Amino acid sequence: MDDKYSSNVISGGKLGRVEVPNARLTRYIVLLLLTKLLKALGIFESYDLLKVVHVVQFLFILKLGCAVILLFFQKPFSSGKMVAKRQWIRILKHAVISSVISLLGFFGLTLCGPLRTLLLFEHSDLVVISLLSVLFTNSGGGPSKTRGAAFFIIAVVCLLLFDNDDLMAKMAEHPEGHHDSALTHALYTGISFLGVADHKGGVVLLVLALCLKVAFHTHSRKLSVEIGGAKRLYALSNLVSSVVLLPWVIVLSSTTESKVESWSSLALPFALIVFSVMVLDFYVESICTAKLEALRCARYGSACLFLSGLLLANFWTHPLTDQLRAMSKSGQQASTEHVLSGGVLVSACFFVMADSILSSPSEKGQKGTLVGYSPEGMPLYNLMGDALQHSSQSLPRFIKDSLKQILEEYDSRQIFYFLCLNLAFTFVELFYGVWTNSLGLISDGFHMLFDCSALVLGLFAALMTRWKATRIYSYGYGRVEILSGFINGLFLMVIAFFVFVESVSRLIDPPNINTVMLAPVSVGGLLVNLVGICAFSHAHSHGASKGSCSSHEHGHSHHGHGTGEHSHTHGHSHGGHSHSHGHGHSHSPGGRSMNANMRGVFLHVLADTMGSVGVIISTVLISQFGWLIADPICSLFIATLIFLSVIPLLKDACEVLLLRTPPEQEKDLNFALEKVQKIEGVLSYRDPHFWRHSASVIAGTIHLQIMSDVVEQRVIQQVTAVLKDAGVNNLTVQVEKEAYFQHMSGLSTGFHEVLAMTQQMESMKYYKDGTCIM
Amino acid sequence: MVAVDVINFKDSDTTIHRKKQETDTYVLGTIHPFRKTHKSILGKFIQEFNLVSSDRRSWKILLFGVLNVICTACLLTWCNSTNSMALTAYTYLTIFDLFSLITCLISSWVSMKKPSQVFSFGFDRFEVLSVFASTVLVQLGALFILKESVERFMEQPEVHTGRLLVGTFVALFFNLLTLLSVKNKPFVYVSEAASTSWLQEHVADLSRSLCGIIPALSSFLLPRMNPFVLINLAGAFALGITYMLIEINNYNAVDTASAMAIALMTFGTMYPMSVYSGKVLLQTTPSHVIGQLDKLLREVSTLDGVLEVRNEHFWTIGFGALAGSVHVRIRRDANEQMVLAHVTNRLHTLVSTLTVQIFKDDWSRPLLVSSVLPAGTHSLSDYIGPSGFLGPSPPPEFSFNTPGRNIQPVVLSSTQQHRPYSLGLAYGSSPYAGMLGQGVGLGMGARMPSVQGYRTSFSAAPQRYGSNPLPSQMNQYRP
């Protein structure tokens, strides 16, 4: 197997990029690893420093130190061409944005601790870009990249959910007035507004900052070319940002008292941080990116960074490292450090895996279609078609177009308006639920969303129905509507099943129901759904009421159940599909259209309406009489009703999908076939197939045997006319004469075919005789 | 020879009989609109059920079905007692197994049924519909699980691990047993024909890189994995992790997370299959035959006399057999029956249920050759019959009153097998040309070169003789 793969030139890498032997690169890799280790150390150090120094001051010192060193090395003013005034403005912007991002990063560091910051913030640009391309474009680069993205997300989620950080306790006792400045205060209030714990807020903040950083880096690439190199830009930008930060620092230090005892003792750690985090990392990274590939550099760098972060986190509070730490703090602080937890370990593993997958070179750059094989046996690919196909529209234009399409026709317009109403109601409910912290409301909101998916399906089907016929969908997309009706029917069946199961378990053990919130919500839902019923019953009586006007709609009931505050509303009713097949339906084809899609949507809305009604009724019953058993009985009733009302829809949709002869046309067709047989010159017919393709199309195929002296086209015309009267509007008639069978037996082949042909001719003979006698 | 006649007689008899019956029912239908269709649904169901259960093979399926119901009920009570969402999601896979067993029963029922008057294409579509319905139902169940999980994230209830692992292993064992011991034709076909699910793709990708390290595993890992086995294993794996984490660290949220994971995997596995079966239900042209069809249609459009091919509709009836209809517009002076025969002959190799409508513009306007055309049928017997016969008086190969008599040399003596045809065919082109030459007169100049098309097909015919390439070849699904 191995041999086979390596013999393939393309996958064997012989045609790919030339790889430099590892031996020459080893020193760069070692350099990179050392730098990353130092950087991790620096970040741990800066976490300690940030406990006493304010973020802005800290950042100012970093930027200033870095700028001084870089001015010394880089000499941005004396070397290179002059920087124009316009470019200074751009450098100013660059500096401001970069200091904002660093501020966010360091603020995140104070919130979540060094290890988590390392894990979240220190990803290479390449990793993030490939992550985003997997998430937001469909040409991500194969399943492995998708897996990497999934790992990344899992890792972040792990940090968010499973990281029982001990620091939360410390943060909880953090009094609101304690914040040092307006900036940190604003950030704190922002995070507490989100309703998450501080360190989780830090995680969110760091992820945001990471995305910003990547966007900023890609954006500033052009500027760095204009200025004359990334290093010069970096030096200038650091200088400018320290200048920008200067007034703020002055104001800060004059208004607030400093917690620092002696600045001189902090000089050494600051120097270390400036050197390791700002300068050395920058230089080494740029060298390694040039010497190694960017991808490899990113892979080794991040892996090393995370591992050393894990190591340091393990030993940082250890007495051994206390000598290493410049800031020896009092011992009681150590207990509330951001310690290692299972969640962090797991997420670190996931981060390492995600980074190594995402930064591995993608196997195929472009997706080509296999054209054939070259004489040597190499596969040939065509890459053109794909490139041409990718003329995707912009999103607003797409939305505008589809909106226009939706609003063009009655059905989809109705569904769309109702969907909007429903969604609005749902979001109001959800928002109010979050606001008042009512779990019942939130879960009811999610329930509504679940129901909305049926509406979305219906809307999509109504839209698709109007698409033009293609090569694959040769009859057009009309049948989608029926399939969507079928799926909606199944959906209602599933809902009925769940309601049934739920109510049976409640019947055995009726729970207490808190009826406080139920009534207003269900009244609101009832109002919304009543609007829907008004809209759809119009369409419904247009569409599905077969001749006999949609007589009685005995609706029903509902069920509302809720442990504590939960209230799920389902409901159902029996729509008025009185099937009066065969009774006096008009003989004109296409006189009525059976729109399964609208029927499905209508049933859904009706179900919801009755659900709300039922909630109101059972609320009244429970609060007035205390009949707890009313609720499950109600639900049971509803489940049965949903089930019963869906059956006609499912039955009709099944008949169409199974290519059954349309039942309401059956009699007409039989008449028509008799008439066809009486047409002059027609001996017999075989294989009559008639089926409903979609609401408006009834298709049919038939084979006719006629006498040899009749003109075929006349027969075709007559048969088509007769069958058109019977409702068949897409007909194919194959007219066969005796000569056809002779030709076929001459051309054809197996013994069995010859036999079959002979039988056909035999039957022709039979009928010929029969007609002769008659 | 005798045998042939007997078979022949019997078959033709049944055909005629059927026809008679059909006309009878038609007549009846006009008089009694509600003729005996009003048997209760239950009665009909029991009748069909008896039909299916008369076959021994379906007993096994029924046995597994009963076991499955017991197992599912057991699992559902455990789900209730453990309060675990993930186990519920996994139980839905067991319910899916029940659906697949039902599909299997339907498929064996379908194989026993003949096409009826209302289901003129036969009952093959029941299989497709049931595959579609079961995949869609499972996906809807997964959607429900997703919804419940989102609600659970708000307020995570405690999960009892007592029965969790037991339930997992019972479900896994039972699912695998059902999958591997019941031969489920429709699902096997769909899972092979549908595009790969993302779960399969990831496993394939992983195992490919694993095979790079350990090449010995390649025979085991590289072929396409069965998606059902895969999802069962993956679900059990997720449940195992859940159990572990809840036992060790009491992370109850893992249960919800793994429920979501199982639901997503269910989506991923079932979605390609429901797309595939849904496309069959939507009467679409299967994309893998489009290339072949195009080739055939191109060939058809180059036949002599054919002007254009339009309104072509091709779709699959069940899993495999193609049906189709096509309109062919021909020149006014072309022979309809001959074109029909050739078009049918071309397309019949791929499309088993074919209807071709021949269309002519302005056919009512009198045509020069129209009077000659009937004569053409006379001369046809010349080229078909063995060389000795001349004129219409001797019985041609397939005369009306002596069915099959002239076939006997074809059947019995294998050495002579293709003689009449090859002889006839050798003559074939020249009488055609001759006939056209004498008959057409005016249009002849234009016509002569295009006779080529027919000649090539004749030369191809003898080679195909006896290989019997017809519907059975197309019908990949049913052996």
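Every number in this text was worked out from the coordinates using simple rules, so none of it is lab data. Being a predicted model, the structure only gives us computed values, none of them experimental. Reconstructed Cβ throughout: ideal geometry from the backbone, glycine too, with neighbour counts over all protein chains shown.
What the Cβ-Cβ distance of B:V170 and A:V504 gives, at R0 = 22 Å and to the nearest 0.05, is a FRET efficiency of 0.45. Inter-chain neighbour count for A:469-476: the average number of beta-carbon atoms from partner chains within 10 Å of each residue's beta-carbon is 5. Per the Kirkwood formula applied to alpha carbons, the stretch B:262-306 shows a radius of gyration over Rh ratio, Rg over Rh, of 1.33.
Taking only the Cα atoms of the stretch A:23-139, the radius of gyration and Dmax are 17.8, 48 Å. Distance between the pseudo-spin-label points of B:S364 and B:S111 (7 Å out from Cα toward the beta carbon): 5.4 nm. In the stretch B:234-274, the convex hull through the Cα atoms has an average projected area of 2.5 nm², a quarter of its surface area. The three principal axes of the C-alpha atoms in the stretch A:410-541 carry coordinate ranges of 58, 32, 28 Å, sorted with the longest axis first.
Positive contributions from Lys and Arg (+1) and negative ones from Asp and Glu (-1), summed over other residues with Cβ under 9 Å from the Cβ of A:K36, come out at -1. Taking label points 7 Å from Cα along the Cα-to-Cβ direction, A:L407 and B:N250 give a separation of 5.7 nm.
Ignore the peptide's own chain and count Cβ atoms of other chains within 10 Å of each Cβ in B:148-159; give me the average, rounded. Provide the component values of the computation, followed by the final result.
Working: counts 5, 0, 5, 10, 1, 1, 6, 6, 0, 1, 0, 0.
Mean partner-chain Cβ count within 10 Å for B:148-159: 3.
Normalising the Debye intensity of the stretch B:198-295 to I(0), with uniform scatterers on Cα atoms only, and taking log10 at q = 0.10, 0.22, 0.25 Å⁻¹ returns -0.45, -1.07, -1.15. A Förster radius of 60 Å combined with the Cβ-Cβ distance from B:V150 to A:T26 puts the calculated FRET efficiency at roughly 0.75.
Sparse packing (at most 16 other Cβ atoms within 10 Å of the Cβ) combined with a DSSP loop state is found for the following chymotrypsin sites (Phe, Trp or Tyr not before Pro) in the stretch A:614-664: A:W627. A simple spin-label model places pseudo-atoms 7 Å from Cα toward Cβ; at A:R466 and A:L530 they are separated by 3.1 nm.
The order of the peptides A:297-303, A:69-75 by mean Cβ neighbours within 10 Å, most packed first, is A:297-303, A:69-75.
What is the sum of charges around B:G235, taking Lys and Arg as +1, Asp and Glu as -1, for the other residues whose C-beta is under 15 Å from the C-beta of B:G235? Here the count lands on -2. Amide H contacts of A:E736 (H built 1.01 Å from N, in plane; Pro and chain starts excluded): A:L704, A:Q705, A:I706 sit under 5 Å, all sequence-distant by 5 or more or on other chains. Compactness of the stretch A:200-312 was expressed as the Cα radius of gyration divided by 2.2 N^0.38 Å, which yields 1.32. Amide H contacts of B:Y251: B:I246, each under 5 Å away and 5 or more positions distant or on a separate chain (H built 1.01 Å from N in the peptide plane; Pro and chain starts excluded). Listed cross-link partners A:K63/A:K213; B:K114/B:K295; B:K114/B:K183; A:K231/A:K291; A:K468/A:K651; A:K36/A:K213 are compared with a 21 Å cut-off, the Cα-Cα value being larger for B:K114/B:K295; B:K114/B:K183; A:K468/A:K651.
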